[in-house]
Amino acid sequence: MKRVAFDHPKVRRLQTLLCVPHYAVIGILESLWHFVAKHAPAGDIGRWGDAEIAAAIDWPANNADRLIESLTQAGWLDIDTTHRLIVHDWHDHADDAVHMALARRCTPFASGAKPKLARLSAREREKIEPELDRACAQHTHDVATANALPEPEPVPEPEPVSSRPGQAPDVGDRELAEHLWRLVKALQPTRKPPDLNRWANSIRLMREQDGRTHESIRDLFEWANRDPFWQTNILSPDKLRQKFDDLQLKLTRPNHATNHKPESPAVVRRELFDDLPTFTSGAATDS
């Protein structure tokens, strides 16, 4: 680890989020860098699962989501649409051996940064640099293409969907499904429309089998939609149903660092969703 990073505010932030001593955070980050250098030299650490990343730095695998969430919130990992997760500014943290290995493979960093060529011989640089420049340009083009906005796609017409004979979503289930889709669409404009009938059916099952209400489903989904980590993981009612209890616990438990509870769903709605149509059980209106 660079000396300037040893006492960086991001280190202290991670220490607070994980509730561990300062020396433990240094060990976690050093172990992370060694793992990335060996197994994801371009910085595309998202190729590995959360449990595998946790195991690499000797963090309990059953609490891997907390580790990844904390690393993301502290700014050490970035959420990426192509690689899932990349190491923030890995081209600055990586040592010369990583730069040389990527350069010789004519491979840019996952962030698109160009490896340093200073340690290569003049002959190697002359041979490698044009090809490496082309690879970096292609990476930039691919990212731009992936992020390009497509033509708006119509929301499919509703069709009855049910997992049990004689049961079907009601109007409120369908309207809430449309509301959740608008939130996901605002976050990921290029995402293809889902089967809203299936979404509505999942909401029905949450009500009938799990004892949830339209309001609790809406509030928890909106909270996840604004969270830097969960907004890329909770993108459908099915996923929300799987993680409902875990998310509800995270939403309601006090923050370890400040001893204050996170913002309530009502505050979140006022601050972030005023520009989207508002859902009310049984009727959808535009705000």
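Quick notes on this one:
- Here region 158-189 is the region considered, the condition is being touching a helix residue (DSSP H, G or I) at 6+ places or on another chain (Cβ under 9 Å) and of a type in the set (D, E, K, R), and the residue that is modelled with the lowest pLDDT is Glu159.
- Set side by side, the residues Arg66, Arg84, Arg104, Arg47 differ, and just one is at pLDDT below 90 and of a type in the set (D, E, K, R), which is Arg104.
- In this entry, Trp59 is excluded by the filter for residues that are touching a residue at least 12 places away in the same chain (Cβ under 8 Å) and either in contact with a Gly (Cβ under 7 Å, 6 or more places away or on another chain) or not in a loop (DSSP other than H, G, I, E, B) (or both).
- Enumeration of residues in region 189-227 that are of a type in the set (S, T, N, Q) and surrounded by 13 or more Cβ atoms within 10 Å (Cβ to Cβ): Asn197, Asn201, Ser202, Ser216, Asn225
- In this entry, Asp195 is excluded by the filter for residues that are at pLDDT below 55 and under 28 Å from Asp80 (Cα atoms).
To keep it simple, each residue is scored yes or no on (1) part of a helix (DSSP H, G or I); (2) touching a Ser or Thr at 6+ places or on another chain (Cβ under 8 Å); (3) free of Cβ contacts under 8 Å to residues at least 12 places away in the same chain.
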position: Arg13; (1), (2), (3): yes, no, no
position: Leu29; (1), (2), (3): yes, no, no
position: His34; (1), (2), (3): yes, no, yes
position: Gly43; (1), (2), (3): no, yes, no
position: Ala54; (1), (2), (3): yes, no, no
position: Arg66; (1), (2), (3): yes, no, no
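The values are calculated or read from the model by the stated rules, or taken from the named source; none is laboratory data. Since the structure is predicted, the reported quantities are computational estimates derived from the model, not experimental observations. Here Cβ is always computed from backbone atoms with ideal geometry, including for glycine, and neighbour counts include all displayed protein chains.
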